[in-house]
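Right, one structure below, let's go through it.
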Amino acid sequence: MKEKILTGALAALLTFGGLSTPVAADSQEILVDDVWARATIGVSRPAAVYFTLRNTGGDAVKLIGFETTIAKRAEAHRLKIDANGISTMEPAGEILLRPGNDLVFEPGGLHIMLMGLQEPLVEGDSIQLDLLFDDGGRMPVNVRVRGIAARGPRN
Ligand SMILES: [Cu+2]
């Protein structure tokens with residue numbers, strides 16, 4: 001499933017101003033694809049959301065935050081594996097999306113961690129995660145919950 005969502009001033013123009021040819025230099029076109037999360041057993045452990053973002057605009061845009069109603073907090077994390085094979089997670093901070101580039105959130109790398117789950121993630125259900133951008137854009141993303149053994153969006 002592909003969703004095409006406009007962020008920031010361009011989205012505002014389309015929403016409030018109607019049609020005509022919107023010209024907004026600071027707007028970005030972001031595509032999101034391969035969105036998924038793994039089902040959880042209960043709510044005691046955090047969940048993670050994965051997806052691929054593509055910046056089809058001509059300028060860089062920054063992801064600055066995440067919101068969802070299913071968890072108390074949603075944060076971008078980066079998983080790192082040190083020389084001893086020990087993996088640790090650290091907050092990824094603001095995430096730059098370069099023009100023309102893809103950014104992949106996947107197990108073992110970047111992910112959105114959902115902490116303080118309000119209810120378990122159930123296979124087959126969908127949850128909503130909002131991506132917040134530095135130009136004021138908000139992108140609601142529909143996250144499909146896959147099985148507990150899923151390793152990717154399709155396997
Ligand atoms: Cu994490």
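Would you check which residues across the stretch 63-75 are over 12 Å from the mean Cα position of the chain (by Cα) and not hydroxyl-bearing (S, T, Y) and list them? Selection gives I70, A71, K72, R73. Within the stretch 33-92, being hydroxyl-bearing (S, T, Y), away from the ligand (no atom under 16 Å from the Cβ) and not in a loop (DSSP other than H, G, I, E, B) holds for one residue alone: T52.
Screening R78 with (1) within 14 Å of the chain's Cα centre (by Cα); (2) open to solvent by less than 70 Å² (accessible area, probe 1.4 Å) gives one miss only, at (2). Within the stretch 89-125, the set of residues being surrounded by fewer than 16 Cβ atoms within 10 Å (Cβ to Cβ) and over 23 Å from G42 (Cα atoms) comprises E90, P91, G93, E94, L96, R98, P99, G100, N101, D102, V104, G109. Filtering the stretch 107-124 to residues that are under 17 Å from the mean Cα position of the chain (by Cα), part of a loop (DSSP other than H, G, I, E, B) and without any contact (Cβ under 8 Å) to a residue 40 or more places away in the chain leaves G108, G109. Within the stretch 126-136, none of the residues are at pLDDT 90 or above, within 15 Å of the ligand (Cβ to nearest atom) and loosely packed, with under 12 Cβ neighbours inside 10 Å. Only a single item in (1) buried (at least 18 other Cβ atoms within 10 Å of the Cβ); (2) modelled with pLDDT under 85 is not met by V23, and it is number (1).
The values are calculated or read from the model by the stated rules, or taken from the named source; none is laboratory data. Everything numeric here is computed off the predicted structure, so don't read it as measured data. Using ideal geometry, Cβ is built from the backbone for each residue, glycine included, and neighbour counts are taken over all protein chains shown. What goes into the accessible areas is simple: the full protein's heavy atoms, side chains included, and nothing from ligands, DNA or RNA. Shrake-Rupley method; radii C 1.70, N 1.55, O 1.52, S 1.80 Å.
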